[in-house]
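Enquirer: First, the structure itself, so that you have it in front of you.
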Amino acid sequence: MQRYFIEPAQFGEKTVTITGDDAKHIGRVMRSKPGDKLIVSDGESRDALAAIIAIDPQEVTAEIIETLEPSGEPWFRVTVAQSLPKGDKMETVIQKCTEIGAASFLPFLSERTVVQYDGKKEEKRTARWRKIAKEAAEQAHRSRVPAVDSPVSWRELLKGLSAYDLVCLCYEKEHGQQLRDVLKPFVGKHPAGQPCSIAVIVGPEGGLSENEVSEAEAAGAVSIGLGRRILRTETAAMAALTCIMYESGEMGGM
């Protein structure tokens, strides 16, 4: 059953309203008709099963049948801090990591970032990333759409690391720290209902410089390896995130 995210204001007591591209998708792509059911979420705290009662090209109205328990959200709230990669690789990272369970994305610029940052184009690109996150969250039946921040500098990234319970720095030259060992102190230790916040930092195609690694560690990051194979930048975040989800029991671990 298809899931759609709507604004909290579109969530009434007995009905919900779906507008914009989602309304067009329901009518033109899905060819839905009155009586068909769908799941709606306000992306915060309300999920519901609803039945369509009216369709037009710009707006779909559905009657709430049942309030659902929010589901699909991991206990580990993981922020993927990804140095801007070339081409459309960031889109792949956002799409796949949203499906796996990332809570948010923080693109950043580092010493070896190849992409030329253009502030004028950034707003449009960030809007596209947010749309990709929304669509991936709907496909994966998430209850929340991961936040996608605008790119920040390396210095800005470092300043924000203290906000996380754990910061993992993916570093291909690190062989001592294993992700499983780093996670052990955090698995099951937080009070019920209070998620553990983790940041996973991934460098660009050329990797992070040794100076950047030292600065990140000084700011509280823990360098981790992801096995004996060198992963591409767009693969590293997915691999680390999958390991975290497994160790927390989201994928059958523990």
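The values are calculated or read from the model by the stated rules, or taken from the named source; none is laboratory data. All values reported here derive from a predicted model rather than from experimental measurement. With ideal geometry, Cβ positions are generated from the backbone for all residues, glycine too; neighbour counts draw on all protein chains shown. Accessible surface is based on the protein model in full, side chains and every heavy atom, while ligands, DNA and RNA are left aside. Shrake-Rupley method; radii C 1.70, N 1.55, O 1.52, S 1.80 Å.
Enquirer: Have a look at Met90, Met30, Met238 and tell me which one the Gaussian network model of the chain (Cα, springs below 10 Å) gives the largest fluctuation.
Expert: Met30
Enquirer: What does the extension gain come out to for Gln177 and Ala163, with contour length at 0.36 nm per residue minus their alpha carbon separation? Could you put the intermediate results ahead of the total?
Expert: Details: separation 14, 0.36 × 14 = 5.04 nm, distance 2.19 nm.
Taking Gln177 through Ala163 to full extension adds about 2.9 nm, to one decimal.
Enquirer: Among the complete DSSP H segments of the chain, which ones combine at least 15 Å of alpha-carbon extent along their axis with a mean Kyte-Doolittle hydropathy of 0.5 or more? The partial results should precede the final answer.
Expert: Numbers: long enough: 89-100 (16 Å, -0.18); 119-139 (31 Å, -1.94); 233-247 (22 Å, 0.76).
Helices passing the filter in the chain: 233-247.
Enquirer: Still on this structure: In segment 87-187, what trypsin sites (Lys or Arg not before Pro) fall in a loop by DSSP, with at most 16 other Cβ atoms inside 10 Å? Each step should come with its number before you reach the end.
Expert: Details: sites: Lys89, Lys96, Arg112, Lys120, Lys121, Lys124, Arg125, Arg128, Arg130, Lys131, Lys134, Arg142, Arg144, Arg155, Lys159, Lys173, Arg180; in loops: Arg112, Arg142, Arg144, Lys173.
Filter output for segment 87-187: Arg112, Lys173.
Enquirer: Among Pro185, Val202, Leu161, which residue has its Cα positioned farthest towards the positive end of the charge dipole of the chain, with +1 placed on the Cβ of Lys and Arg, -1 on the Cβ of Asp and Glu, and the dipole taken about the Cα centre?
Expert: Final value for the positive-end residue is Val202.
Enquirer: Does segment 1-119 come out rounded, prolate or oblate by the C-alpha gyration tensor, with a ≥ b ≥ c the root eigenvalues, rounded set by a/c under 1.5 and, if not, prolate when a/b is larger than b/c and oblate if not?
Expert: Because a/c hits 1.5 or more and a/b exceeds b/c, segment 1-119 counts as prolate.
Enquirer: Cross-chain or 8 or more residues apart, Cα under 29 Å: how many lysine pairs in segment 1-102 fit that? Count them up, please.
Expert: Close lysine pairs under the 29 Å cut-off: 9.
Enquirer: Sketch the reach of a paramagnetic label on Gln194 as a point 7 Å from Cα along Cα-to-Cβ, and name the residues of segment 55-81 whose backbone nitrogen lies under 20 Å away.
Expert: 74-79
Enquirer: Report the GluC sites (Glu not before Pro) located in segment 11-92 that are in a DSSP loop and have at most 10 other Cβ atoms inside 10 Å of their Cβ, or state none. Working shown, then result.
Expert: On the way: sites: Glu13, Glu44, Glu59, Glu63, Glu66, Glu91; in loops: Glu13, Glu44.
Loop-located and lightly packed - Glu13.
Enquirer: Multiplying the sequence separation of Arg232 and Glu217 by 0.36 nm and subtracting their Cα-Cα distance, what value in nm do you get? Numbers along the way, then the final one.
Expert: On the way: separation 15, 0.36 × 15 = 5.40 nm, distance 2.19 nm.
Once the chain is fully extended between Arg232 and Glu217, it gains 3.2 nm.
Enquirer: Using a cut-off of under 19 Å, list every residue of segment 60-79 whose amide N is near the label point 7 Å from the Cα of Glu13 along the Cα-to-beta-carbon line.
Expert: 62-68
Enquirer: Counting heavy atoms of the protein chains only and a 1.4 Å probe, report the per residue accessible area for the chain as a whole number of Å². It would help to have the intermediate numbers written out before the result.
Expert: Details: 13160 Å² over 254 residues.
That works out to 52 Å² per residue.
Enquirer: Quick check on the chain: helices-only [θ] at 222 nm, where DSSP H runs of length 4 and up contribute -39,500 (n - 2.57) each and the sum goes over total residues. Nearest 500, please. Can you show the working numbers first?
Expert: On the way: 7 runs with 73 residues, N = 254.
Using -39500 (n - 2.57) per qualifying helix, the result is -8500 deg cm²/dmol.
Enquirer: Once you've got the GNM for the chain with C-alpha springs shorter than 10 Å, pick whichever of Pro204, Pro146, Pro195 has the biggest mean-square fluctuation.
Expert: Result for the chain, Cα springs under 10 Å: Pro195 fluctuates most.
Enquirer: Under 10 Å, Cα contacts only: if you run a Gaussian network model on the chain, which one of Val222, Val114, Val145 comes out with the highest mean-square fluctuation?
Expert: Largest GNM mean-square fluctuation: Val114.
Enquirer: I would also like to ask the following. Calculate, in nm to one decimal, what Lys37 and His141 gain on full extension: separation in residues at 0.36 nm each, minus their alpha carbon distance. Mind dumping the intermediate values first?
Expert: Working: separation 104, 0.36 × 104 = 37.44 nm, distance 1.48 nm.
Contour length minus the Cα-Cα distance gives 36.0 nm.
Enquirer: 7 Å from Cα along Cα→Cβ at both Asp21 and Met1: what's the point-to-point distance in nm?
Expert: Label at Asp21, label at Met1, 2.5 nm between them.
Enquirer: Continuing with the same structure: For Arg77, list long-range residues whose amide hydrogen, built 1.01 Å from N in the peptide plane, is under 5 Å from its own amide hydrogen.
Expert: Distant-sequence amide H within range of Arg77: Cys196, Ser197, Ile198.
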